[in-house]
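Step one of this worksheet: look at the structure below.
The values are calculated or read from the model by the stated rules, or taken from the named source; none is laboratory data. Just so it is clear, the structure is predicted and the values come from calculations on it, not from any experiment. Here the Cβ is made from the backbone with ideal geometry for all residues, glycine too, and neighbour counts use every protein chain on show. The area values use the complete protein model at the heavy-atom level, side chains included, leaving out ligands, DNA and RNA. Shrake-Rupley method; radii C 1.70, N 1.55, O 1.52, S 1.80 Å.
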Amino acid sequence: MEEKRKGISKIGLVALVVSSSIGSGVFGITSDLAGSAAPGPAIIAWVIVGIGILALVLSLNNLGEKRPDLDGGIFGYAEAAFGKLGGFISGWGYWLSAWLGNVAFATMLMSALGEFIPVFKGGQNVPSILLASVFIWSLTFLVNNGIESASFINTIVTICKLVPLFLFLVMGIVAFKAGVFTADFWGNAVDNLGNAGNSATGLWDQIKGCLMVMMWVFVGIEGASVLANRAEKRSDAQKASIIGLLVLLFIYILASLLPYGVMTQAELAEISQPAMGNILRYIVGGWGAAVINIGLIISIIGCWLSWTMLPAETTLLMARDGMLPKSWGKLNSKKAPSYSLFVTAGLTNVFLLTFLVTDYAYQFAYSLCTAAILICYLLVGLYQMIYSRQQGDTKQLLIGVLATAFQIVGIMLAGFTYVLMCSIAYIPGFYFYMKACQEKGYAISGKEKMIMGCIAAAAVVSIVMIATGMITV
């Protein structure tokens, strides 16, 4: 019988999984989906994404149980499978994903504030950049001074996420009209959505258009894999991660599909962010939008605090394992990695300038964030396959194959352009990696040099494509 110890209960673990995954994405998902797909293709896309994310969670559960010695985060699995450079590629991608996600938070937060302060309307102007910069540096200094989110803050943030979501779902069910939902179920009218940037009418084209949007709302699901060590029973952590995933799917699917029965696809595609607030405004009036936006503002600030700590923690572990120079892991008197925090904050601040050069800053930021983390997830799936084959575990091997195939499909069909752009950010990363190897006396192999060369070549191709307009931002 498994020994019970002092720790987090199963219910507590489920709450942590749900809270860590729900950020800003669910508040804007309907508009983004409607720009790509009608209800029918969106439902099929949810089935595909649900199976793929389930395979990833099962892989993380399996590796967490059988390889508890790999405590370097998900990049520890990449290092075990592909060596130090593999670990660096995964860890650097995870770090990129974390702070790019904060750019998406900034965009959505400014849009929500625009509901109350018109100067921030739309969230993509100079006042929005200035206020977002204040948030970036304020949260950075808080974390640098050793301030961590206490349990009561997490509780408040979770309530602020779930209460407006519950209100939206209830109102959406009440206002739902089956005739509106089925009027253009397979997307025959998608030709009229020119302003949404999508003129594809094929079923598969619509499904493909949903993938990146849907994957974005699951960024953070990997956090469940580290909860096992804090559980009353290790088996509780594994069960909780599955239950948490099912709860998230329930919330996300209803929140994204119910509006198709309230407004037409064309109307949803045109609606501004945060879409959930504006949809509720359509249903019940201005007070509904205000409730959603207040909840969203508090939710994002809470998430932003956590995701300010996350990239710093990632680089701290990478520096400990010799993948980044020691300076990235150096702690101040408050035991916070100052160098990593300030570098991350600076890059996030610079990236806010994209608000001024693209009409789709939120989509651009979350697409890059998702593309970066897809690399990490892919390496997890590959190690699940490698390790399960070594152990002769056919069931887990098949799960690994499914998880890997899903990530490859996601990269090739939905995020290849964004993955290509992410390669640019690996160029400075390789400088730090080589410096760390020098500090540790680690000789970079010819194979590693070849891999770095290929990624650098991809970065050059990406820069040329951006300069010539083949890739637009």
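What to note about this one:
- Looking across region 363-396, the residues that are under 30 Å from LEU109 (Cα atoms) and of a type in the set (Val, Ile, Thr) come down to THR370, ILE373, ILE375.
- Look at (1) under 22 Å from GLY410 (Cα atoms); (2) touching a residue at least 60 places away in the same chain (Cβ under 8 Å); (3) part of a helix (DSSP H, G or I); (4) more than 17 Å from the chain's Cα centre (by Cα) and you find that VAL47 fails only one, number (2).
- ILE153 being modelled with pLDDT under 85, in a helix (DSSP H, G or I) and among the hydrophobic types (A, V, I, L, M, F, W, C): yes
- Considering residues of region 431-462 that are polar (S, T, N, Q) and assigned to a helix (DSSP H, G or I) only, the residue least open to solvent (accessible area, probe 1.4 Å): SER462
- Any hit, region 269-279, residues being part of a loop (DSSP other than H, G, I, E, B) and surrounded by fewer than 24 Cβ atoms within 10 Å (Cβ to Cβ): yes
- Count - residues of region 106-125 that are in contact with a helix residue (DSSP H, G or I) (Cβ under 6 Å, 6 or more places away or on another chain) and open to solvent by 10 Å² or more (accessible area, probe 1.4 Å): 5
- Qualifying residue in region 404-415 (condition: open to solvent by less than 30 Å² (accessible area, probe 1.4 Å), modelled with pLDDT of 95 or more and part of a helix (DSSP H, G or I)): yes
- Filtering region 372-396 to residues that are of a type outside the set (S, T, N, Q) and more than 19 Å from GLY76 (Cα to Cα) leaves GLY392, ASP393, LYS395.
- Filter result (closer than 20 Å to ILE408 by Cα and among the polar types (S, T, N, Q)) within region 56-89: SER59
- Region 110-150, residues that are at pLDDT below 85 and β-branched (Val, Ile, Thr): VAL143, ILE147
- Failed condition for GLN396, given (1) open to solvent by 50 Å² or more (accessible area, probe 1.4 Å); (2) modelled with pLDDT of 95 or more: (1)
- Of the set (1) farther than 30 Å from VAL170 by Cβ; (2) under 18 Å from the mean Cα position of the chain (by Cα); (3) not acidic (Asp, Glu), all apply to LEU316 but (2).
- Matching entry among THR370, THR348, THR354 (being open to solvent by less than 40 Å² (accessible area, probe 1.4 Å) and within 24 Å of GLY64 (Cα to Cα)): THR370
- Scan of region 380-398 for residues that are over 15 Å from ASN61 (Cα atoms) and within 29 Å of the chain's Cα centre (by Cα), ordered by number: ILE386
- Hey, ALA98 modelled with pLDDT of 80 or more, in a helix (DSSP H, G or I), within 21 Å of the chain's Cα centre (by Cα) and within 25 Å of SER338 (Cα to Cα) or not: yes
- Whichever residue in region 66-76 is open to solvent by 10 Å² or more (accessible area, probe 1.4 Å) and assigned to a helix (DSSP H, G or I) and, among such residues, is nearest to LEU310 (Cα to Cα): ILE74
- Hits in region 463-473 (condition: among the hydrophobic types (A, V, I, L, M, F, W, C) and open to solvent by 40 Å² or more (accessible area, probe 1.4 Å)): ILE463, VAL464, MET465, ILE466, ALA467, MET470, VAL473
- Of residues in region 311-340 being open to solvent by 50 Å² or more (accessible area, probe 1.4 Å) and assigned to a helix (DSSP H, G or I), the one modelled with the lowest pLDDT: GLU313
- Scan of region 36-65 for residues that are open to solvent by 10 Å² or more (accessible area, probe 1.4 Å) and touching a Gly at 6+ places or on another chain (Cβ under 7 Å), ordered by number: SER36
- Of residues in region 281-304 being open to solvent by 20 Å² or more (accessible area, probe 1.4 Å) and in contact (Cβ under 8 Å) with a residue 40 or more places away in the chain, the one farthest from LEU165 (Cα to Cα): ILE301
For every residue, the table says whether it meets (1) at pLDDT 90 or above; (2) basic (Lys, Arg); (3) open to solvent by less than 60 Å² (accessible area, probe 1.4 Å); (4) touching a strand residue (DSSP E or B) at 6+ places or on another chain (Cβ under 8 Å).
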{"site": "GLY187", "(1), (2), (3), (4)": "no, no, yes, no"}
{"site": "SER199", "(1), (2), (3), (4)": "no, no, no, no"}
{"site": "MET214", "(1), (2), (3), (4)": "no, no, yes, no"}
{"site": "GLY220", "(1), (2), (3), (4)": "no, no, yes, no"}
{"site": "LYS239", "(1), (2), (3), (4)": "no, yes, no, no"}
{"site": "LEU249", "(1), (2), (3), (4)": "yes, no, yes, no"}
{"site": "TYR252", "(1), (2), (3), (4)": "yes, no, yes, no"}
